[in-house]
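Worksheet: the structure to be examined is printed underneath.
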Protein chains: 2
Amino acid sequence: MPSPRLLLVEDDTSLAELLQYRFEAEGYDVVATPDGDEALLLANEQAPDLVILDWMVEGTSGIEICRRLRRDKETAHVPIVMLTARGNEDDRIRGLETGADDYVTKPFSPRELIARVGAVLRRVRPALAGEMLEVGDIKLDATSHRVTRRGQSLQLGPTEFRLLKFFMEHPGRVFSRGQLLDAVWGTGSDIELRTVDVHIRRLRKGITLDGSKDPVRTVRSAGYAFESV
Amino acid sequence: MPSPRLLLVEDDTSLAELLQYRFEAEGYDVVATPDGDEALLLANEQAPDLVILDWMVEGTSGIEICRRLRRDKETAHVPIVMLTARGNEDDRIRGLETGADDYVTKPFSPRELIARVGAVLRRVRPALAGEMLEVGDIKLDATSHRVTRRGQSLQLGPTEFRLLKFFMEHPGRVFSRGQLLDAVWGTGSDIELRTVDVHIRRLRKGITLDGSKDPVRTVRSAGYAFESV
DNA sequence: CGATCTTGTCATACGGTGGTAACAATAAAC
DNA sequence: GTTTATTGTTACCACCGTATGACAAGATCG
């Protein structure tokens, strides 16, 4: 299982160190910064799977960071957990309305924060939490790198596997070839758009067992989508 | 926009009534029950979009309901927001680990709960949070590139899809052929004005299922408008 | 180091889509 | 009612986007 990557934005150094230690013990990759502006840069560079954001940090305020993360297309979908001072309900509501996925009220125990982060990740990226993805009759177990359909095991190449996993994490949505390249090949990969077609073809071939319908939908002039048939 | 359906499981009658009232005012459909066992039945029958669950209810305990909802395939993916007594961290963590998506600590304000429910729904079901365009009986989901009318799925070519999307983003307004060319074909496209007519025709054909009225209104010597029939 | 798999690119075939013109139908003008 | 302007409808064919198989370079593994 790949370690989920966290971006921790917290200017209380001792708290930040404690959290970093605890999360790494739980198997996360942690990138930490005390500075709001740097956080925005890191969010773009590192493409974290989740951001833990203190309401009050140096540089740019937490809520402003939240807003900007949401506005930038690269980071718009990254889940955010906010740390807020105790009892300030207005702040909490404002945070949620700005696009935070969750908040935890200080003081909190690391254990609670870990549980919350786990819950959010489970909700947003089941594969990262070690769960099995299931769309229609296809099951994908990210942990063991296995794919089955109707109980039969399927054989896929590495790229096809990542492609399928990405699709199954976002069933029904249409992705352009460019988006798929970014998501599956990595941002900035200098690959021909048409190459996606070929891997779609290979994926289709790999998940077809006779009599089964094709879950990959071609959306002309837009891209591809994956859905239960 | 379709009203998200909530299942509210709460045995404090006055609180339940208050919440039901407030959520309905926010445009939700609310089904409420004070009883845990009945909640499980309702969850299956009603297929709610989200469950609000009190930790302590009559019949079966909240955490047990949570577990069973998760175990049943029909309801395994319905997001759950738990209401917990104040300060009991163990309970909260246990709730999250059992599969609740969120919890709110009593006492809370209805406004806060509403914000949280909204945040969870936005995450889990973007379509319910307004990513879907809806005019009259026609629904257009941009993310999945799907158009339905009265629940029936419609098949449109790419250009007709963009044309319909543009219309549905500005219902009721009249657009000249030139404006439509700019908006749908892109500024500076060197296309005959009359071509718009043909695509209007194709759009009309594509969204007509027998007995349905035509939402595209011709405004002679001005252009076209789209409106609910 | 050799054998096998994987992967990115290309060439080609195929089918859908789109723009245009030509003609029919309809609404406005007189 | 006749004329004229505007829109509706159909047919056509070029073109664009997608599917597919082949191939060579690279990666992986023994």
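Throughout, read-outs are computed from the coordinates displayed, never taken from laboratory work. No experiment lies behind these values; they were computed from the predicted model shown. We place every Cβ from the backbone using ideal geometry, glycine too, and count neighbours over all the protein chains shown.
B:Gly188 label points, 7 Å along Cα→Cβ, one per copy: pairwise distances from this copy to the rest in nm, shortest first?
Going from nearest to farthest copy, the values are 3.0 nm.
Given only helices, namely DSSP H runs of n ≥ 4 each adding -39500 (n - 2.57), what is the per-residue ellipticity at 222 nm of the protein assembly as shown, to the nearest 500 deg cm²/dmol? Walk me through the intermediate numbers first.
Numbers: 16 runs with 178 residues, N = 458.
It comes out at -12000 deg cm²/dmol, rounded to the nearest 500.
Loop-only GluC sites (Glu not before Pro) in the stretch B:139-192, please: DSSP not H, G, I, E or B, and at most 13 other Cβ atoms within 10 Å.
Numbers: sites: B:Glu160, B:Glu169, B:Glu192; in loops: B:Glu192.
Hits after loop and neighbour filter: B:Glu192.
About its Cα centre, what dipole magnitude does chain A give when the only charges are +1 on Lys and Arg Cβ and -1 on Asp and Glu Cβ, stated in debye to the nearest 20?
Details: 32 positive and 37 negative charges, 312 e Å.
Here chain A has a charge dipole of around 1500 debye.
Kindly count the pairs of lysines across the protein assembly as shown whose alpha carbons are less than 12 Å apart, treating pairs on different chains or eight or more residues apart as eligible. Intermediate results must be reported in sequence, preceding the final value.
Numbers: A:Lys139/A:Lys165; A:Lys205/A:Lys213; B:Lys139/B:Lys165; B:Lys205/B:Lys213.
Lysine pairs meeting the criterion: 4.
Just checking the output field for B:139-150: average partner chain Cβ neighbours within 10 Å of each residue's Cβ?
3
What are the trypsin sites (Lys or Arg not before Pro) within the stretch A:184-229 that DSSP puts in a loop, where the Cβ has at most 13 other Cβ atoms within 10 Å? Provide the component values of the computation, followed by the final result.
Working: sites: A:Arg194, A:Arg201, A:Arg202, A:Arg204, A:Lys205, A:Lys213, A:Arg217, A:Arg220; in loops: A:Lys213, A:Arg220.
Here the trypsin sites (Lys or Arg not before Pro) that fit, given the DSSP loop and packing criteria, are A:Lys213, A:Arg220.
Using alpha-carbon pairs under 8 Å, 6+ residues apart, how would you state the relative contact order of the stretch A:1-123 in percent? Could you put the intermediate results ahead of the total?
Working: 200 pairs, mean separation 27.0, N = 123.
22 percent.
What is the mean projected area of the alpha carbon convex hull for the stretch A:131-226, to one decimal in square nanometres?
Values: hull surface 24.1 nm².
Mean projected area for the stretch A:131-226: 6.0 nm², to one decimal.
Shortest first and in nm with one decimal, please list how far the A:Pro158 label point sits from its counterparts in the other copies (point 7 Å along Cα→Cβ).
Ordered by distance, the counterparts are at 3.2 nm.
Only four residue types carry charge here, +1 at the Cβ of Lys and Arg and -1 at the Cβ of Asp and Glu. Report the dipole size of the stretch B:5-129 about the Cα centre in Debye, rounded to the nearest 20.
That gives a dipole near 620 debye.
For chain B, what is the percent of antiparallel DSSP beta bridges, rounded to the nearest 5? Could the numbers behind the result be given before it?
Details: 17 of 35 bridges.
Of all bridge pairs located within chain B, approximately 50 percent are antiparallel.
Treat every Asp and Glu Cβ in the stretch A:175-229 as -1 and every Lys and Arg Cβ as +1, leave all other atoms uncharged, and give the resulting dipole magnitude about the Cα centre to the nearest 20 debye. Kindly include the intermediate steps, with their values, before the conclusion.
Details: 9 positive and 7 negative charges, 42 e Å.
Roughly 200 debye, rounded to the nearest 20.
What's the center-to-center distance, using Cα atoms, between the stretch A:122-164 and the stretch A:19-44 in Å?
28
Which whole-number percent is the relative contact order of chain A (Cα, under 8 Å, 6+ apart)? Mind showing how you got there, number by number?
Details: 353 pairs, mean separation 29.5, N = 229.
Relative contact order of chain A: 13 percent.
Which of B:Gly178, B:Cys66, B:Val135 sits farthest toward the positive end of the charge dipole of chain B, with +1 on the Cβ of Lys and Arg and -1 on the Cβ of Asp and Glu?
Comparing the listed Cα positions along the dipole, B:Gly178 ranks first.
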